[in-house]
Amino acid sequence: MSRRSLGIGSAVREAVERERASTQHRLLEKWVVDLCSASGVVPLTNPYIDLMVRSGDTSILFEMKLCSPLDKGGPLRRALLQLLEYRYLYRHHLGSDVRLCIVIERRPSGTQTWRIGYLEHLGVGIMWGNDDPEGLRCNDFTKALLGDLLPPVKGWKTAPVSDSDSAAV
């Protein structure tokens, strides 16, 4: 199936290629690839999807996004939209159980923490870098969502999201 038949244009492809060229984006991808390797699953990619793993009828789509400390909302929205589009566009190539996960540089904090709960409400996992060499972390929802295919996440430390973190938009 060609990208043209999916209605995905060259401008979109160029934007994806520019983002993937970033060192930080490559680091996020490396952390997920390492997680997949430790789990015995092979990560796949194409010109649009950052990473995907599949085991039996279960697929996980990962979208990596770079976020500035002051703007996490825009990249998270773009990542969510991309994952939903990929799930639809590639539905005939994915298993019957498709899970979505956003991977960003830093955990949403302060007035942005509610976004973690929002993604959970939508059934979308989120992982974030720690700004240190330890790799990725996630919330309890993401551990449960991905833990059967990626067992190492079960041992990760989590930072719970409390009701007091849920700021009004």
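Since every read-out is calculated from the coordinates, none of them should be taken as a lab result. On a predicted model such as this, the values are computed, not experimentally measured, just so you know. Note that we place each Cβ from the backbone using ideal geometry, even for glycine, and neighbour counts take in every protein chain shown.
With N residues in segment 23-132, what two-decimal value do you get for its Cα radius of gyration over 2.2 N^0.38 Å? Mind showing how you got there, number by number?
Values: Rg = 13.6 Å, N = 110, 2.2 N^0.38 = 13.1 Å.
Against the empirical 2.2 N^0.38 Å value, I get 1.04 for segment 23-132.
Sort T142, T113, T45, T23 by Cβ crowding within 10 Å, fewest neighbours at the top. Spell out each step's value before the answer.
Working: T142 26, T113 19, T45 13, T23 7.
The fewest-first ordering by Cβ neighbours comes to T23, T45, T113, T142.
To make sure I understand, if each residue's beta carbon is the centre and we count other beta carbons within 10 Å, what order do R54, R99, R87 fall in, fewest to most?
On the way: R54 19, R99 22, R87 15.
The order, fewest Cβ neighbours first, is R87, R54, R99.
Relative to the present Cα-Cα distance, how much length would full extension add between D97 and T158 at 0.36 nm per residue of separation?
19.5 nm
Give me the distance between the Cα centres of segment 39-59 and segment 93-153, rounded to whole Å.
Taking the Cα centre of each part, segment 39-59 and segment 93-153 sit 16 Å apart.
Could you list S109, S39, S68 so that the one with the fewest beta carbons within 10 Å of its beta carbon is first and the one with the most is last?
Values: S109 13, S39 19, S68 10.
Least to most surrounded, the residues fall as S68, S109, S39.
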